[in-house]
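Right, one structure below, let's go through it.
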Amino acid sequence: MSQTVYMDHNATSPTRPQAVDAVVRAMQTGGNPSSVHAMGRKALRVLEDAREHVRAAVNAPKSAQVVFTSCGTEANTLALQGCGRKTVFVGATEHPSVMRARTEIVRISVDVNGLIDPFQLEEMFAGGGDDTIVSVMLANNETGVLQQVEGIARIAHRYHALVHTDAVQALGKVDVDFTALGVDMMSLSAHKIGGPLGVGALIVGKDVELTALNGGGGQENGLRGGTQNVPGIAGFGVAAELAVAGLSDMARVKVLRDRLEARIQEIAPDATVIAAMADRLPNTSFISMPGVDAETQIMTFDLANICVSAGSACASGKTKSSAVLGAMGLGQDIAKSAVRVSLAHTNTEDDIERFISAWGDLYQRKGAARSAA
């Protein structure tokens, strides 16, 4: 059997060996960071070291709080439910965890590239924004499209609205700067950058009044109760440090991504690379194979030991038409036949050739025939 080609890093990125080591060391150290004795102090030191690594990874100021959570979804929920704002504006292509964080949301529509029109947002604030929070993801998890969050934040703040950004997909792929973006809150997740599953964080600006959803014992400065997952957080801290240190390799990854897209369009000129003209993450490509549904593609690639997906991995493991592409106004023929390829530092030229060969074979067997019919 051929070696597995993993091209689904936007779903999760395999845990870095250094992060595994950090998890093991923290488990061996033991201790509860809330305890005042020596063992507790050791655990607290591990916790706070990791907190500073995560803070540094996104250039958050010392005045901002780094609140550890169980995942990016919990961070998003804490931001949108704990902020106390009545009105919630969210981008139409947001992650399901944002879309479902509140029972009532106001969607900000996007163009065919998945981008928000700042002038439209300005109009939405006609009644003011004192009781509003805006949540716009920095990088879309399916298309890789990068939103102009800095400009959106400037508009929102003119109307005294809070701004939250889900930066889960951006960290480790592009420079993420909490201060430069001008946001009030930012969500992160460890397993997207080679850290362990089950750990996330919400960066909270100093002027944000946030209410805990789970008070518990008052951990995380009263914003997230419950004994912290110190081993997982230790792994997160190491992964964050390594992800930022490895940003320069994203130039090589982009070359691989661009080569993949160019070759696909040589094979099938009628194939669609979603948002090809937009500013995107360097590792992400969402490609529609004409005449072949995404489920067939994923099963075929899986049999060839190639791991890709049909979009968000947070949809209960189902392969279904992308809501993101629907929000972008793309037809069902494209939405139902789109597959996401997401690369990382571990991918090679051979991986790209394996995928292109498998994609081309499937297209010739299934797609070309259906397109001609």
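The values are calculated or read from the model by the stated rules, or taken from the named source; none is laboratory data. None of these values were measured; they are calculated from a predicted model. Note that we place each Cβ from the backbone using ideal geometry, even for glycine, and neighbour counts take in every protein chain shown. Ligands, DNA and RNA are excluded from the accessible area calculation, which covers all protein heavy atoms including side chains. Shrake-Rupley method; radii C 1.70, N 1.55, O 1.52, S 1.80 Å.
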Taking R0 as 45 Å and r as the Cβ-Cβ distance between M27 and A126, the FRET efficiency 1/(1 + (r/R0)^6), rounded to the nearest 0.05, comes to 0.25
Might you report the magnitude of the Cβ-based charge dipole of the chain about its Cα centre, with Lys and Arg at +1 and Asp and Glu at -1, to the nearest 20 debye? 740 debye
Solvent-accessible area of H53, probe 1.4 Å, all protein chains present, reported in Å² to the nearest ten, please. 70 Å²
Percent of Cα-Cα pairs more than 21 Å apart in segment 207-293, please. 60 percent
For segment 1-113, convex hull volume per residue from C-alpha positions, Å³: 201 Å³
Go through T179, P282, T4 and say which Cα lies farthest out towards the positive end of the charge dipole of the chain; charges sit on Cβ, +1 for Lys and Arg, -1 for Asp and Glu. T4
Using a simple spin-label model with points 7 Å from Cα along the Cα→Cβ vector, what separation in nm is obtained for A180 and E261? 2.2 nm
Max mean-square fluctuation residue, GNM over the chain, Cα-Cα springs under 10 Å, options A310, A234, A26: A26
Just to verify a number: what accessible area does I105 come out at with the full protein assembly present, 1.4 Å probe, Å² rounded to tens? 50 Å²
Quote the FRET efficiency, to the nearest 0.05, computed for S248 versus A56 with a Förster distance R0 of 22 Å and r equal to the Cβ-Cβ distance. 0.85
What does the charge dipole of segment 232-356 about its Cα centre add up to, to the nearest 20 debye, if the Cβ of each Lys and Arg holds +1 and the Cβ of each Asp and Glu holds -1? 280 debye
For segment 28-127, which GluC sites (Glu not before Pro) are in a loop by DSSP, counting at most 15 other Cβ atoms within 10 Å? E104
Quick one: P(r) of segment 133-248 from all Cα-Cα pairs, 5 Å bins, percents rounded to integers, in order of increasing distance. 2, 11, 19, 21, 20, 16, 9, 2, 0
Per q in 0.12, 0.16, 0.30 1/Å, what log10 I(q)/I(0) does a Debye calculation on the alpha-carbon atoms of segment 143-199 return? -0.31, -0.53, -1.26
What's the longest bit of the chain with no exposed trypsin sites (Lys or Arg not before Pro), using DSSP loop states and at most 14 other Cβ atoms within 10 Å as the test? 207-317
Between the modelled labels at S109 and S63 (7 Å from Cα along Cα→Cβ) the distance in nm is 3.9 nm
